[in-house]
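Each remark here refers to the structure printed beneath this line.
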Amino acid sequence: MDFEDTKEESAFREQARTWLQANAPTEAEMSGMDTMARAKFWQKRKAEGGWACIRWPKAFGGRDASAIEQVILSQEEAKVAVPETGVFSIGQGMAAPTLMTWADAEAQANFIPRLASGEDIWCQLFSEPAGGSDLAALRTKAEKDGDDWIINGQKIWTSGAHYSDFGILVVRTDPTVPKHKGLSYFYLDMKSPGVEIKPIRQISGESNFNEVYFTDVRIPDSQRLGDVGQGWQVSLTTLMNERASIGAGGGGTKFSSVKALAKTVMIDGKPAIEDSHVRAKLASWYVQEAGLKYTSYRTLSALSRGAVPGPENSIGKLVGAVKSQDMASFAMDLLEQEGVVRDREKDAAFAALFQDTYMAIPGLRIAGGTDEIMANIIAERVLGLPQEPRMDKGIPFTEVPTGS
Amino acid sequence: MDFEDTKEESAFREQARTWLQANAPTEAEMSGMDTMARAKFWQKRKAEGGWACIRWPKAFGGRDASAIEQVILSQEEAKVAVPETGVFSIGQGMAAPTLMTWADAEAQANFIPRLASGEDIWCQLFSEPAGGSDLAALRTKAEKDGDDWIINGQKIWTSGAHYSDFGILVVRTDPTVPKHKGLSYFYLDMKSPGVEIKPIRQISGESNFNEVYFTDVRIPDSQRLGDVGQGWQVSLTTLMNERASIGAGGGGTKFSSVKALAKTVMIDGKPAIEDSHVRAKLASWYVQEAGLKYTSYRTLSALSRGAVPGPENSIGKLVGAVKSQDMASFAMDLLEQEGVVRDREKDAAFAALFQDTYMAIPGLRIAGGTDEIMANIIAERVLGLPQEPRMDKGIPFTEVPTGS
Amino acid sequence: MNFEFGEEQNLLRDQARGFLADHCSPALVRRVLDGDELYAEDLWHKVAQMGWTATAIPEEYGGLGLSYLELVVIAEELGRACAPIPFSSSVYLATEALLLAGNAAQKEHWLPQLAAGEAIGTFAYSEGSGQPSAERLITQVSSGKMTGSKAVVADAEVSQLMIVVAKSEVGDGASLYLVPTDQSAVHLETVKTVDPTRNHANVRFDEADAQLLGQEGQGWTLLTQLLNRAAVLLAWEQLGAADTCLEMAKNYAMGRYAFGRPIASYQAIKHKLADMYVKNTLARSNAYYGAWALNTNAVELPLAAATARVGSSQALYFAAKENIQTHGGMGYTWEFDCQFYYRRAKILALVIGSEGVWQEKLIQASDELDVA
Amino acid sequence: MNFEFGEEQNLLRDQARGFLADHCSPALVRRVLDGDELYAEDLWHKVAQMGWTATAIPEEYGGLGLSYLELVVIAEELGRACAPIPFSSSVYLATEALLLAGNAAQKEHWLPQLAAGEAIGTFAYSEGSGQPSAERLITQVSSGKMTGSKAVVADAEVSQLMIVVAKSEVGDGASLYLVPTDQSAVHLETVKTVDPTRNHANVRFDEADAQLLGQEGQGWTLLTQLLNRAAVLLAWEQLGAADTCLEMAKNYAMGRYAFGRPIASYQAIKHKLADMYVKNTLARSNAYYGAWALNTNAVELPLAAATARVGSSQALYFAAKENIQTHGGMGYTWEFDCQFYYRRAKILALVIGSEGVWQEKLIQASDELDVA
């Protein structure tokens, strides 16, 4: 039991570090570029140097790297000042593996290199307003018209739709068969006529997602992945590749920030950190936070010996989000009346952090699977408990009760 | 909004108090009697004075009293030193109303007066090992044999079976029809041949319940209540009369006892009551405890204007039991290493209270409906949320999955 | 035992609920949330016309002379509707401070205006982050002139008078003052908060005219009494909001289907809503007791107020956050109304001291009453 | 990164689990619960024969000289089986105290006996209810004779030696002493506890022979170090118990049907078990870190130990009580084994200080390491 790299990992880390130090773009190289241009600049250089998408098979321009090597690269990349390249993650992490499995050689040759080099950005068009936790209940329909399909309907929660070049799309091609059997999977040019993108404003005030409306959008049948009716299986390829969350429960309010706050605000004439109620709360949160951190170490260790991260990784989000919400709320309470201030211009050092978390966390408890779905995943996929009775199995989609 | 009796209530209270003060049995009158004899002595006197079973219709020897009058009588009875008469509650509160609704005049004349006067004690034989929360899943079977029924099977969680004269019993008379339709309802003499009673030892060490085994027990058909196959409806009469819980969450560890403890034990060289963590915990429990108390006041007010207590009374047990468990555990923690002692002979003033609660509370979270069932009741019967899908509806009992 | 509201109060509740359904729709709340208004002035005038601002003010000062039982009914309904008006500042705090400590002249001058809703009042006691205390006060008054500042004062920007706690050299270390805001020595600086439907400002007093309210050196004592009253009234407002959250969550869960059945049929949601119901019900019962204690000025008021306040703060936080959660992604959008209550929950929870402050008050009050 | 156990430890775990399945069945635990035995002496001898009592004792003192990583593996399995033997008292406390503070003669005399399981040791520091502190100690030693008493000492009735914390006039206010129990000046009085599978006694010292262990006036410092070690080892034992609770609850819920389907298919049960799994998993990860810190004697040990201890105490309390709840009525019967872990949970939670004590230690340790 130790925290060191294996010999191979250490060698890989050194190699990565050397390349990164030699190739990290300088401010001068990127002068005048906006965030997107910088991301593309850096991604292109990584691709040229053979350091983009290292987990991909060599045949597709990757290195056949292991999960732990990807982690090591990310750790090293975080140490040098390079542009953030999160905009490529859906295309590289979800669309690309799906294309590798289901597209023909021509489509692969057209798109995969441009995904690796950051020339194209892709988005994912799966979720729908009526879907939510029940992803396969989607209603956007595709009707065949000659060699094309005509798409009508609405998608939601699409990150980056407004700056994406292409999208992966699941639609219903046959509503008369059971839910999972009537779906088909396409990719499309996001500039196609009839595609309309509207940002969704969140309660935090930010807009990280979009609604995407389809009005008689034409997609050539050649852009279908998998057979007609096979869309759910293709989707599973995409979803299985959703990047395993191996973080320590995401951002938001942390032990360290609340503890620091507690040193500055007063309770009953003394610093709050001396108050035993504050200390007990902090201690319990520290235990959760440390538990998540060391759980991620265990996951890294498993990756290090080649294991695949499993559904137990749902813990991070499930525990981390609720913890952050309660910590943010508690920190605001410590500030007393000033705790309500959310004013970056006038703010005390800590305040904005807690109030922003307070407003952002309700989204984190929902996005990517609600607390309730995460608990189901742990119950069913980790502990092997039975599913609940399903009222939507084996009947035509049109006959599944929808309440409307 | 006030805490006073109405004029009528005040008059009733005065009347009850006067009678109680004049008739409460003296130690001399009861000298040499054991607990059971004392209970019977007092119950008989109450019946003779017209103060037993006051909520019963006058036709059955009651007073047609209101629920609030019953509460007032109980309050006044608690103020005088009279024997506890809880042993009669199942007979008077559950068996008697069922007999009033479903038995013929002869049976009513035979049994109801003896129930009121405490001459007979009855028990309830509903629960079975395979049943639990799913009461109607009972398997004890009755087969017709001439004018008798032959009973075979097992009941469980029967309070007072060993000192009861009679029992009310639900059994399965037809396993080939759906669950609720194959039941019939009987009463029987607990001294019948083939009835075997075994006390159940609880983890607290006490034995408040029994298992009751039936081996070829004969019950005359004349002791059937309701039609063959109508047992579930008859049971509902019994269950509806289960005494509405209008207490403040039952016994166990309370705010006052933990606060008193906190004044005597030390944390960091000071009395625990000065520790803000202890104070915050106590405050949150006080809020729950006061909330239950004032909820019971609201229920009493509703009774006072003639309303019937509804399923919202599940709150008391749901909140009270978990609160008591956590308070007992916390109190043991305050005692530190001595907190584990459960030794009435050697005990510090408070200890036995907390440790006994700790060992008894797991039962309270289950008996009369688990926390989970209580939450279901609130969700379904108070809030009107839909039931979950039922896998046992409309199919023969023999085809309901049982896992065995 | 009659631990219930009377018929008049029940009628008032129906009337208030109907009125607010008509005049304080979610669209109105949203108008203030999205726009530049400091409060819904139109609603304020209508509320004043209904006489709500006059409820507990004696008739001799232009009030209706009703009891606190009527006022808590209104408070609950305003909470239910998430009304974007300075009712709590003006009625529970400024008006109550005058009733508690004002001399005849002060009452005669201000109460009729407050009753009519022509004047709006507020209360300023915090001077920065953390718990205020008499020892830490900096704002002070010398020869009738106030110098200092107060932080995050609710509705300061729309108030005509401010009740201010300032340092005193005698007595309990503080005095209350009445400060009219229409003077150049009172400087306001807008502060943005998590709830844009209520305006807040930092206030600076630069030798501002200030009148003593109540006795010199009795300010902290009066503050404590005032906050006990406000705690009960706020508890009812919080409770109304918490009940709306439960109702919204329930309605959404009944209509939203997943896997072929309403999400309200899943135990994860059923038990969440049952939990909300339980917390709201216990909080309501404690609020009843608080209302009784307030209305009868019972010796139990400090304990009853703290109990009501803690219960309602906990219930509303839970209901507001789990209402969003029950709505799933839609609940997190600006377009949905769940956010109103999540924002307002924190404003109401912190305006007169956090849950922690009131837990401490509760235990102190239980000592004083010798409850165990 | 290799935050996992090695192959030898995994083999040891399999071996230990198999051994305990054979030799520490629920029937054996029940035998001690129901009978008059002070502990399962037969199991103790077998465990000693397996060498478990010798695990972390250096070879020069008759031990196996293995690491703490082996010892935590054994601790977890003993917790899983709810073993009714004085392992924690003798191995985590008495043996560790000698390793930490014993002089050569003391080690040479006692460690071989402890390693062989021929002697059983325990540790006595509490003198009554509440948190012990150096200031409150009454037990003291004068001219090698101990006078005073200790409360609720686990396994005192089966121990040959006792490590006792006594008052000191110098240093940190306390000193550790080694007290053999085969002297008439040591009086034991049995104390019944919530867990009859572990014996406890109050101990009175009436001029009992006592040997100083470690330096005079260093007792509280040594105690603190000792408890950090024991905290990690106990955390693993607690974790093993918590995992058994989850397993029992899961197995029962899979087999128990209500309304035509397994109760394990209801979200109320599914999410309860998921919650247990989450708490156990986080506690396990913290226990890993604690094991690493213990094994490397890292500067982080105080923080790692407190974190492991708090996490495991919380996880076991939750798992033990909700395991009974999942079993419904049957879980509350004497006949079922759920009670074993509910009882043991409290013994393990209080033996070296409650959750509250360790939460406080955690924050102090985070200050010392300057974690925020």
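Sorted largest first, the principal axis extents computed over the alpha-carbon atoms of segment B:248-382 equal 52, 27, 24 Å. Close amide H contacts of A:SER159 (hydrogens built in the peptide plane, cut-off under 5 Å, sequence separation of 5 or more or a different chain): A:GLN124, A:ASN210. Note on chain C: lysine pairs with Cα distance below 16 Å, sequence gap of 8 or more or different chains, count 13. For the residues D:THR55, D:THR147, D:THR244, a GNM of chain D with alpha-carbon springs under 10 Å puts the largest fluctuation on D:THR147. For D:LEU11, the distances from its label point to the matching points in the remaining copies are 8.9 nm, ordered from shortest, with each point set 7 Å beyond Cα toward Cβ. Dividing the mean sequence gap of close Cα pairs (under 8 Å, 6+ apart) by how many residues segment A:35-129 holds gives a relative contact order of 35 percent.
The GNM of chain A, with springs linking C-alpha atoms under 10 angstrom apart, assigns the highest mean-square fluctuation among A:MET327, A:MET36, A:MET100 to A:MET36. For segment A:7-84, the alpha-carbon coordinates run over 40, 25, 16 Å along the three principal axes, in decreasing order. Between the alpha-carbon centres of segment B:156-235 and segment C:308-347 there is a gap of 49 Å.
Considering only A:PRO389, A:PRO193, A:PRO220, the Gaussian network model of chain A with Cα springs below 10 Å gives its largest mean-square fluctuation to A:PRO389.
The stretch between D:SER184 and D:GLU8, if pulled fully straight at 0.36 nm per residue, gains 58.8 nm over its current Cα-Cα span.
Please rank A:ARG114, B:ARG305, fewest neighbouring Cβ atoms within 10 Å first, as an exposure proxy. Working shown, then result.
Working: A:ARG114 17, B:ARG305 12.
By the 10 Å Cβ count, ascending: B:ARG305, A:ARG114.
Specify whether the C-alpha gyration tensor of chain C places it in the rounded, prolate or oblate class, a ≥ b ≥ c being the square roots of the eigenvalues: rounded for a/c under 1.5, otherwise prolate if a/b is larger than b/c and oblate if not. Note, shape of chain C comes out prolate. With its label point put 7 Å out from Cα toward Cβ, A:GLU48 sits 11.1 nm from the same residue's point in the other copies, in order from shortest. Taking every alpha-carbon pair under 8 Å whose residues sit at least 6 apart, segment D:220-371 reaches a relative contact order of 29 percent. Seen from all directions on average, chain B presents a Cα convex hull projection of 24.0 nm².
In this structure the amide hydrogen of A:LEU225, modeled in the peptide plane, comes within under 5 Å of the amide hydrogens of A:TYR185, A:PHE186, A:TYR187, none closer than 5 places in sequence on its chain.
Relative contact order for chain D: 15 percent, from Cα pairs under 8 Å spaced at least 6 residues apart, divided by residue count. A simple spin-label model places the labels of B:THR101 and B:GLU196 3.4 nm from each other, with each point 7 Å out along Cα-to-Cβ. When chain D is turned onto chain C, its residue with the beta carbon nearest the axis, and that distance in whole angstrom, is D:GLN267, 2. Dividing the summed -39500 (n - 2.57) terms of all DSSP H runs of n ≥ 4 by the residue count of chain D sets its mean residue ellipticity at 222 nm at -17000 deg cm²/dmol. Only lysine pairs 8 or more places apart or on separate chains count here, and in segment A:122-235 those with Cα atoms under 22 Å apart total 13. Karplus-derived 3J(HN,Hα) values for segment B:262-273, using 6.51 cos²θ - 1.76 cosθ + 1.60 with θ = phi - 60°, are 5, 7, 9, 9, 9, 10, 6, x, 10, x, 4, 5 Hz; glycine and proline are entered as x.
Look at D:GLU335, C:GLU169 and count the other Cβ atoms within 10 Å of each Cβ; fewest to most, that gives C:GLU169, D:GLU335. The shape of the protein assembly as shown comes out rounded: with a ≥ b ≥ c from the C-alpha gyration tensor, a/c is under 1.5. Among the chymotrypsin sites (Phe, Trp or Tyr not before Pro) in segment B:1-72, those located in a DSSP loop and surrounded by at most 14 other Cβ atoms within 10 Å of their own Cβ are B:PHE3.
The same position A:THR35 in the other copies lies at 7.2 nm from this copy, comparing label points 7 Å beyond Cα toward the beta-carbon, shortest first. Annotation for segment A:280-324 versus segment D:175-243: alpha-carbon center distance of 35 Å.
Dividing the summed -39500 (n - 2.57) terms of all DSSP H runs of n ≥ 4 by the residue count of chain A sets its mean residue ellipticity at 222 nm at -12500 deg cm²/dmol.
Indicate the gyration tensor shape class of segment C:171-249 (rounded, prolate or oblate), computed on the Cα atoms with a ≥ b ≥ c the square roots of the eigenvalues: a/c under 1.5 is rounded; otherwise a/b larger than b/c is prolate and the rest oblate.
Details: a/c = 3.64, a/b = 1.47, b/c = 2.49.
Oblate.
Distances between placed amide hydrogens fall under 5 Å for C:GLU127 paired with C:ALA151, all partners being 5 or more residues away or on another chain. Seen against the Cα atoms of chain C and their longest principal axis, helix C:7-23 is set at about 80 degrees. Evaluated on segment A:90-144, the Kirkwood hydrodynamic radius is 12.9 Å, with distances taken between all distinct Cα atoms. Expressed as an acute angle from 0 to 90° and rounded to the nearest 10, what is the orientation of the C-alpha long axis of helix B:231-240 relative to the principal long axis of chain B? Taking the Cα atoms of chain B, the angle to B:231-240 is about 30 degrees. Any chance you could give the angle, 0 to 90 degrees and rounded to 10, that helix B:351-364 forms with the longest Cα principal axis of chain B? Roughly 30 degrees, rounded to the nearest 10.
Counting Cα-Cα pairs of segment A:92-213 in 5 Å increments starting at 0 gives whole-percent bin shares of 2, 11, 19, 22, 21, 16, 7, 2, 0, 0. Counting neighbouring beta carbons within 10 Å and listing from fewest to most, the residues C:SER366, A:SER74 come out as A:SER74, C:SER366.
Since every read-out is calculated from the coordinates, none of them should be taken as a lab result. Remember, predicted model here, so these are calculated numbers, not experimental data. Note that each Cβ is placed from the backbone with ideal geometry, even for glycine, and that neighbours are counted across all protein chains shown.
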